[in-house]
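Shown next, in structure tokens, is the structure this report addresses.
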Amino acid sequence: MRLLLIRHGQTPSNVSGSLDTRIPGPGLTALGQAQAEAIPATLADVPIDAIFASVQVRSQITAAPLAADRSLDVQVRAGIREISSGDYEMRSDRASVEEYLAVMVLWVDGDVEAQLPGGETAADMLARFDEVVAEAYSAGYSSVAMVSHGAAIRTWSGSRATNLSAEFIGENPLHNTGIVILEGTPETGWTALTYMGEAVGGAAVDDAAAGPAAETL
């Protein structure tokens, strides 16, 4: 199965640099909407059998133009939501952001004991994301788009793709509507085919204000 993991478009919290992992969370900025609307043309030649989005509304809004273009429903799943920032929710100070990103990288490096105060565990986060991927595979889809979140995509792809390392994940941002494409199965494992750190529409719809989940460590 081919898996396209698409980060949502820009939100007000991305602009302010806040660790916003609430449900349902904010919608998109005007730029975020433009980023979402650029996705169908960018993926025009890519077959897509199903589209999933998280329970956070920014991912659903981002998925909507692609779903309309392909005449597909958006299947909403809690398992691909953003990694909880726990007690650091809505903080934007450098120390909090760096600790959030550091935990993400530690998880990819195999340190599953690392955890933010009040946050979720690596085991729980990876299991819930795995469950949605397994559901898509079991349904027989050959190419699936999942609109998710920066830290969640970086962590899951870094943990599951055999050719991505913790160092790579820490050093390579994923901007709003950036896409990671993987190929494989839940049984055989995954290989990352592409990892893009800019918006799918290119410079015209990219912006440095992509929030903490797009930063390097």
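The values are calculated or read from the model by the stated rules, or taken from the named source; none is laboratory data. Owing to the predicted nature of the structure, the values given are computational and were not obtained by experimental measurement. Neighbour counts are summed over all protein chains in view; Cβ atoms, including those assigned to glycine, are modelled from backbone coordinates with ideal geometry.
Table for the structure above
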quantity	calculated
Any hit, segment 187-199, residues being of a type in the set (A, V, I, L, M, F, W, C), under 16 Å from H8 (Cα atoms) and modelled with pLDDT under 95	yes
All positions within segment 1-30 that are more than 15 Å from the chain's Cα centre (by Cα), assigned to a helix (DSSP H, G or I) and either surrounded by 19 or more Cβ atoms within 10 Å (Cβ to Cβ) or without any contact (Cβ under 8 Å) to a residue 24 or more places away in the chain (or both)	P12, S13, A30
Filtered residues of segment 170-212 (kept if touching a strand residue (DSSP E or B) at 6+ places or on another chain (Cβ under 9 Å), outside any loop (DSSP other than H, G, I, E, B) and on the phi < 0 side of the Ramachandran plot)	I179, V180, I181, L182, E183, W190, T191, A192, L193, T194, Y195
Matching residues, segment 92-109, being within 15 Å of R154 (Cα to Cα) and either free of Cβ contacts under 8 Å to residues at least 12 places away in the same chain or of a type in the set (S, T, Y) (or both)	Y100
Residue list for segment 31-68, restricted to those being touching a Gly at 6+ places or on another chain (Cβ under 7 Å) and either of a type in the set (V, I, T) or crowded, with 24+ Cβ neighbours inside 10 Å (or both)	G32, Q35, A36, T42, Q56, V57, R58, I61, T62
Neighbours by Cβ (under 7 Å, 6+ apart or cross-chain): first from segment 129-142, buried (at least 17 other Cβ atoms within 10 Å of the Cβ); second of a type in the set (F, W, Y) and modelled with pLDDT of 95 or more	F129/W156; V132/F52; A136/F52
